[in-house]
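A short write-up of the structure that comes next.
A short reminder: the numbers here are calculations on the coordinates, not readings from a lab. What you see is a predicted model; the values in this text were computed from it and never measured. Methodologically, a virtual Cβ is constructed for each residue, glycine included, from the backbone with ideal geometry; neighbour enumeration extends over all protein chains shown.
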Amino acid sequence: MNLGKDIQNVNPLVFAYMGDVLYEKSIREYLITANNSSNVHKLHETAIKFVSAKYQSLAFKHIIDELSDDEMNIYKWGRNSKSKSQAKSTSIINYRISTGLECLLGYLYFKGNSPRIDEIMSIIIDFLLDEDKKDDK
């Protein structure tokens, strides 16, 4: 989907709204295809952990050096936007970082850059799996 020339006039929280969906979809798809598990409860627990603001914040810090200047600007646009909703079960810093990441993903989606979303999410998923292994030890 492409918003065309109007893309700069879209509220960054709208991009974050879509980015949230894209992020969670990528995580769920990976968990289902990688595990071939029929244990929905375990899939759900892992997905909830990976989509939390805490883990999104960690993931963003891992990919920051992989982003172009334009992508960093979009991230900052989302991170710095004023939201009426409040952080739940996380710090405001993690909440804003995760909003920025979601904004970037949503922006890329509306720009029609699905390959870049896939690339970013692949890096994030690999990182999250490593973090999850560390947590299990």
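Just one residue in the set Ser98, Ser85, Ser89, Ser122 is small (Gly, Ala, Ser), out of contact with any helix residue (DSSP H, G or I) (no Cβ under 7 Å at 6 or more places or on another chain) and part of a helix (DSSP H, G or I); that residue is Ser122.
Taking region 22-32 as the region of interest, how many residues are in contact (Cβ under 8 Å) with a residue 24 or more places away in the chain and of a type outside the set (Phe, Trp, Tyr)?
Of the residues in region 22-32, the ones in contact (Cβ under 8 Å) with a residue 24 or more places away in the chain are 22-24, 26-27, 30.
Keeping just the survivors that are of a type outside the set (Phe, Trp, Tyr) gives 22, 24, 26-27.
Adding up the residues that qualify gives 4.
Only residues that are surrounded by fewer than 17 Cβ atoms within 10 Å (Cβ to Cβ) and either within 17 Å of Lys82 (Cβ to Cβ) or touching an Asp or Glu at 6+ places or on another chain (Cβ under 6 Å) (or both) were counted across region 92-122, and they come to 2.
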